[in-house]
1. Only one of these is closer than 20 Å to Phe158 by Cβ, in contact (Cβ under 8 Å) with a residue 12 or more places away in the chain and out of contact with any Lys or Arg (no Cβ under 6 Å at 6 or more places or on another chain): Thr249, Thr273, Thr326. Name it.
2. Quick check: anything in the range 315-325 assigned to a loop (DSSP other than H, G, I, E, B), exposed (fewer than 15 other Cβ atoms within 10 Å of the Cβ) and either in contact with a strand residue (DSSP E or B) (Cβ under 9 Å, 6 or more places away or on another chain) or of a type in the set (D, E, K, R) (or both)?
3. Pull up the range 341-366, narrow it to residues that are aromatic (Phe, Trp, Tyr) and in contact with a Leu (Cβ under 9 Å, 6 or more places away or on another chain), then point me to the one that is farthest from Asp403 (Cα to Cα).
4. Within the range 226-241, track down each residue that is farther than 17 Å from Glu381 by Cα and surrounded by fewer than 16 Cβ atoms within 10 Å (Cβ to Cβ).
5. One residue is enough: does the range 68-91 have a residue meeting the conditions more than 16 Å from Ala201 (Cα to Cα) and β-branched (Val, Ile, Thr)?
6. Evaluate the following for Leu338: is it under 22 Å from Ser289 (Cβ atoms), touching a helix residue (DSSP H, G or I) at 6+ places or on another chain (Cβ under 7 Å) and part of a helix (DSSP H, G or I)?
7. If we only count helices (runs of 4 or more DSSP H) wholly inside the range 134-199, which ones have 2 or more residues that are of a type in the set (Val, Ile, Thr) and surrounded by fewer than 16 Cβ atoms within 10 Å (Cβ to Cβ)?
8. Could you check the range 272-288 and list, in sequence order, the residues that are modelled with pLDDT of 95 or more and either open to solvent by 30 Å² or more (accessible area, probe 1.4 Å) or in contact with a Cys (Cβ under 7 Å, 6 or more places away or on another chain) (or both)?
Amino acid sequence: MRRASLGAFALACALLTPAIAPAAVDLPVTGALPHGGTYMIYRDATLASAAVDLWFRAPGAGYDSATPGLGRFAATAAAAAPLASGMSLAGLVRSLGGRISVEAYPDIIGVSVVAPASAARRIVAAMSAAYFAPALDQSALTIARSDMTVLAAQRRYFADTLVHDALFAQLFSGGPAHEPPLPDTTSNLAALSLADVTAYAERAFRSANATLTLSGDVDTTVIDAVTDGTPGSPDAPIDSPLARDPAPTTLLPADVGGIGLAWVGPPIRDERTATAMDFIADYLFRDGSGVVSKALDAAHDSSYVNGQFITLHDPGVFLVTISGDTPGAARTQVLDALHKLEKPLDATTFARAREAFLFHLASDTQYPTEQADNLGWYAVEGNASYAPSAPGGAYWQSARALDPAFVASVVQRYLVHPIVVQLSTTARKESTT
């Protein structure tokens, strides 16, 4: 609904699949953590599982934008470092039958755990200790370097990720969004000292800068398990300056082929327009049901199209990535479909599309992991009450209120002149180590 990722770093492997929860009507409970920071809880007591997330406003390439991957590197090291018990956060999660993942974006670091609900209190205590009072050591850095080396090597073969990062580099002239969350090589990370990584972790992961989000069978009684932290003020949402005159088309050497198109969109505070952007992405590009996706399937086109609006503090980005043997033909279909949406859909077609959008929205937010993830993302980007986790919230109200004329006006305003990046396959010789 709001972003794409290369893939989650998994230190604990036992995936606990939660039951599908019935639609809830209550809104999340919000409050202050005992030692700085905030929490949000969206409870469903019918489940046997819980999702526990920590989210931070933190630049992925460091506070000087000089080290792409530093945020993920530090977050991974914190999960791997031994706690007072001698066991790491990752080890604890694994022992409880859960799963932990670390996600890094240009302006956000997120750590997510899903586990049996009975273990939620222990996980909250361990997560807050690991991040609010990081005690990194060389062993943790070694684990993190190994993980980053694998991810950097894999990144070269993910067309969507390469195009995503290249488009952001074109749209933004500087700041975190100009740099990739994962590097092409890990040479800069290998040169970092323990003191360098610790300094970043202590600044980025301090409790005052944290949002703890929980969902599933968990309630406010687990909050007093947070024993670490220091009161203070959170960082403001991290924006990046837009490029004044970005190149309309860029050819990028790569190991895989693909095409990406991007448009600057509305900020997160413009809830109505941001929701319309999500509707457009769903209507055109939803896998299996989107207009463009179905047309490509019917034509037996091997191209795969992914379209999404990435909801950011200011501005958001509408992104379409195309991979496959004939991405040029799919690109034409993408642009043609957007052009047709400049005129309002007829009432019947729009009503069906909006109902499908609401169904997809419910489907995409039914699990505790998805609910906690959305709560954290929207809170850190500066509009917690707009998170689509709760059917009674502002997002759902905006979605139900969409109309054909307004959606057409959004296309006309934002989605006419894309920035384009095309990957050109070529041999590459540099090492990723």
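The values are calculated or read from the model by the stated rules, or taken from the named source; none is laboratory data. As the structure is a computational prediction, the values presented were derived from the model and not from experiment. Note that each Cβ is placed from the backbone with ideal geometry, even for glycine, and that neighbours are counted across all protein chains shown. For accessibility, only protein heavy atoms count, side chains too; no ligands or nucleic acids. Shrake-Rupley method; radii C 1.70, N 1.55, O 1.52, S 1.80 Å.
1. Values: Thr249 fails: closer than 20 Å to Phe158 by Cβ; Thr273 fails: closer than 20 Å to Phe158 by Cβ.
The conditions single out Thr326.
2. Within the range 315-325, the first condition is being assigned to a loop (DSSP other than H, G, I, E, B), and the residues that meet it are 315-316, 324-325.
If we keep only those that are exposed (fewer than 15 other Cβ atoms within 10 Å of the Cβ) as well, we get 325.
Filter once more, keeping what is either in contact with a strand residue (DSSP E or B) (Cβ under 9 Å, 6 or more places away or on another chain) or of a type in the set (D, E, K, R) (or both): 325.
Yes - at least one qualifying residue is present in the range 315-325.
3. Quick first cut of the range 341-366, residues aromatic (Phe, Trp, Tyr) only: 350, 357, 359.
With in contact with a Leu (Cβ under 9 Å, 6 or more places away or on another chain) added as a condition, the list becomes 350, 357.
Working: Phe350: 8, Phe357: 13 Å.
Among residues in the range 341-366 that are aromatic (Phe, Trp, Tyr) and in contact with a Leu (Cβ under 9 Å, 6 or more places away or on another chain), the one farthest from Asp403 (Cα to Cα) is Phe357.
4. So the first thing to find is which residues in the range 226-241 are farther than 17 Å from Glu381 by Cα, and the list is 226-232.
Listed by number, the residues that qualify are Thr227, Thr230, Pro231, Gly232.
5. There is no residue in the range 68-91 that is more than 16 Å from Ala201 (Cα to Cα) and β-branched (Val, Ile, Thr).
6. Values: under 22 Å from Ser289 (Cβ atoms): yes; touching a helix residue (DSSP H, G or I) at 6+ places or on another chain (Cβ under 7 Å): yes; part of a helix (DSSP H, G or I): yes.
Judged against the criteria, Leu338 is a match.
7. Details: elements: 138-155, 159-171, 187-190.
Once the helices (runs of 4 or more DSSP H) in the range 134-199 are filtered for at least 2 residues that are of a type in the set (Val, Ile, Thr) and surrounded by fewer than 16 Cβ atoms within 10 Å (Cβ to Cβ), what remains is 138-155.
8. Within the range 272-288, the subset modelled with pLDDT of 95 or more is 272-286.
Within the range 272-288, Arg272, Tyr283, Arg286 meet the criteria.
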